[in-house]
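Engineer: Below is one structure. I have some questions about it.
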Amino acid sequence: MIGEYLALGAVLLLSIVGHNMTVVYAAVIVIVLKICAQLSGMPVILEYLGGHGLQLGIIVLTAAVLVPIADGTVTVTTIINSFKTPAGIIAISAGLFAAICGGVGVPLMQTNPNVIPALIVGTMAGVFFFKGIAVGPLIAAGITYFVLAIFEFFK
């Protein structure tokens, strides 16, 4: 039990030192939920976040991405024109690849949970040392899936 707090505390401390407030907020939320779960003897909220947090996060992220369409910044014409430029085609391809990676990443994490700590460490390293954003575990799981599939293919 103390090890869980030490690991979360380490993430929190590294996030503060690395000035990554997104991870600071996330770590504080998880620590507070863990404390509340222990005090109440009912880990329901923490379990809910663990079981549904990814889906809720994707919903919020997708809603944020759709705001430019809702406020008129991105129009149907803008969307159509994105198919006509090299940058637009690359962005569409990258979005397609990211969505596919996410689609195969979730099942990989569910069926092979031993990759989750490595995904977390890799994502945190990207955040702390390269000023990345902690949206990487899902896409990283998908990339891991594809690399493992390639290794399987060549066995």
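Engineer: If you roll a 1.4 angstrom probe over the protein chains with everything in place, what fraction of the accessible area of the chain belongs to carbon and sulfur, to the nearest %?
Structural biologist: Answer for the chain: carbon and sulfur cover 79 percent of the accessible area.
Engineer: Might you work out the accessible area of Phe83 for me, using a 1.4 Å probe with all protein chains in place, and round it to the nearest 10 Å²?
Structural biologist: 130
Engineer: How far, in nm, would the chain grow between Ile133 and Ser40 when pulled straight, counting 0.36 nm per residue and subtracting the alpha carbon separation?
Structural biologist: Answer, rounded to one decimal: 30.2 nm.
Engineer: So what is the accessible area of the chain per residue, in Å², with the probe set to 1.4 Å?
Structural biologist: Ligands and nucleic acids excluded, the figure is 70 Å² per residue.
Engineer: For the stretch 61-68, in order, what is each residue's ³J(HN,Hα) by Karplus, 6.51 cos²θ - 1.76 cosθ + 1.60 with θ = phi - 60°, in whole Hz (x at glycine and Pro)?
Structural biologist: Using θ = phi - 60°, the values come out as 4, 5, 4, 5, 5, 7, 4, x Hz.
Engineer: Okay, moving on. For Thr22 and Gln110 in the same chain, what is the full-extension length gain: residue separation times 0.36 nm, less their Cα-Cα distance, in nm?
Structural biologist: Working it through step by step, the gained length comes to 29.2 nm.
Engineer: Not counting ligands, DNA or RNA, and with a 1.4 Å probe, what is Ile143's accessible surface area in Å² rounded to the nearest 10?
Structural biologist: 80
Engineer: Please sort 10-17, 57-64 by packing, taking for each peptide the average over its residues of neighbouring beta carbons within 10 angstrom, highest first.
Structural biologist: 10-17, 57-64
Engineer: Shape of the stretch 20-155 from its Cα gyration tensor (a ≥ b ≥ c, root eigenvalues): rounded if a/c is under 1.5, otherwise prolate when a/b > b/c, or oblate?
Structural biologist: oblate
Engineer: Another question, then. What is the stretch 1-114's relative contact order, in percent, from Cα pairs under 8 angstrom and six or more apart in sequence?
Structural biologist: Value for the stretch 1-114: 10 percent.
Engineer: Which cross-chain or sequence-distant (5 or more) residues have an amide H under 5 Å from the amide H of Val74, H modelled 1.01 Å from N in plane?
Structural biologist: Those qualifying (amide H under 5 Å, at least 5 residues apart or on another chain) are Ile69.
Engineer: Keeping every protein chain in place, order Cys101, Cys36 by accessible area at 1.4 Å, biggest value first, i.e. largest first.
Structural biologist: Cys36, Cys101
Engineer: Provide the solvent-accessible area of His19, counting protein heavy atoms only and rolling a 1.4 Å probe, rounded to the nearest 10 Å².
Structural biologist: 150
Engineer: Another one. Ala118 to Ala10: extension gain in nm, 0.36 nm per residue of separation minus the Cα-Cα distance?
Structural biologist: 37.3 nm
Engineer: In whole Hz, with x marking every Gly and Pro, tabulate ³J(HN,Hα) for the stretch 32-40 from phi via Karplus 6.51 cos²θ - 1.76 cosθ + 1.60, θ = phi - 60°.
Structural biologist: Going residue by residue, I get 4, 4, 5, 4, 4, 5, 6, 5, 8 Hz, with x marking Gly and Pro.
The values are calculated or read from the model by the stated rules, or taken from the named source; none is laboratory data. No experiment lies behind these values; they were computed from the predicted model shown. No Cβ is skipped: glycine too gets one built from the backbone with ideal geometry, and neighbour counts run over all protein chains shown. Just so you know, the surface numbers come from the protein's heavy atoms only, side chains and all, with ligands and any DNA or RNA stripped out. Shrake-Rupley method; radii C 1.70, N 1.55, O 1.52, S 1.80 Å.
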